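The values are calculated or read from the model by the stated rules, or taken from the named source; none is laboratory data. Everything numeric here is computed off the predicted structure, so don't read it as measured data. Methodologically, a virtual Cβ is constructed for each residue, glycine included, from the backbone with ideal geometry; neighbour enumeration extends over all protein chains shown.
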Amino acid sequence: MKNLYFTIKQASEILGVSALTLRNWDKKGKLKAHRHPMNNYRVYKPEDLEAVIHEIEAGAGLRKSTKREFKKIIVKHLVN
């Protein structure tokens, strides 16, 4: 069975940002984290991360990135 959620560490690696940035985005409502029912840790749905990647690619993203960084983000996302 596939994981339905990514941990904050996995999500930060996929998006190429720090875990602190993801926490800040969650506080500001830019990328809402879900909570694991057993330990209350932040977890992220794959479709939410894909939406952020699409926003970044469209240039209306949550952070400023170069095209080179975009490619890294996409490759990391596809590999995981």
Note to self: Name the residue that is modelled with the highest pLDDT, counting only residues in region 14-32 that are basic (Lys, Arg) and assigned to a loop (DSSP other than H, G, I, E, B).
What the structure shows: Lys32
Note to self: Checking Ala11 against (1) part of a helix (DSSP H, G or I); (2) without any contact (Cβ under 8 Å) to a residue 24 or more places away in the chain, only one condition comes out false. Which one?
What the structure shows: (2)
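Among the residues of region 33-55, what is the count of those that are within 10 Å of the chain's Cα centre (by Cα) and assigned to a loop (DSSP other than H, G, I, E, B)? It would help to see each step written out before you state the result.
Of all residues in region 33-55, those within 10 Å of the chain's Cα centre (by Cα) come to 33, 43-53.
When the remaining residues are screened for being assigned to a loop (DSSP other than H, G, I, E, B), the result is 33, 45.
So the count comes out to 2.
Every residue, every condition in (1) under 18 Å from Lys9 (Cα atoms); (2) out of contact with any Phe, Trp or Tyr (no Cβ under 9 Å at 6 or more places or on another chain); (3) surrounded by 12 or more Cβ atoms within 10 Å (Cβ to Cβ), yes or no:
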{"position": "Asn24", "(1), (2), (3)": "yes, yes, yes"}
{"position": "His34", "(1), (2), (3)": "yes, no, yes"}
{"position": "Glu47", "(1), (2), (3)": "yes, yes, no"}
{"position": "Val52", "(1), (2), (3)": "yes, no, yes"}
{"position": "Glu57", "(1), (2), (3)": "no, no, yes"}
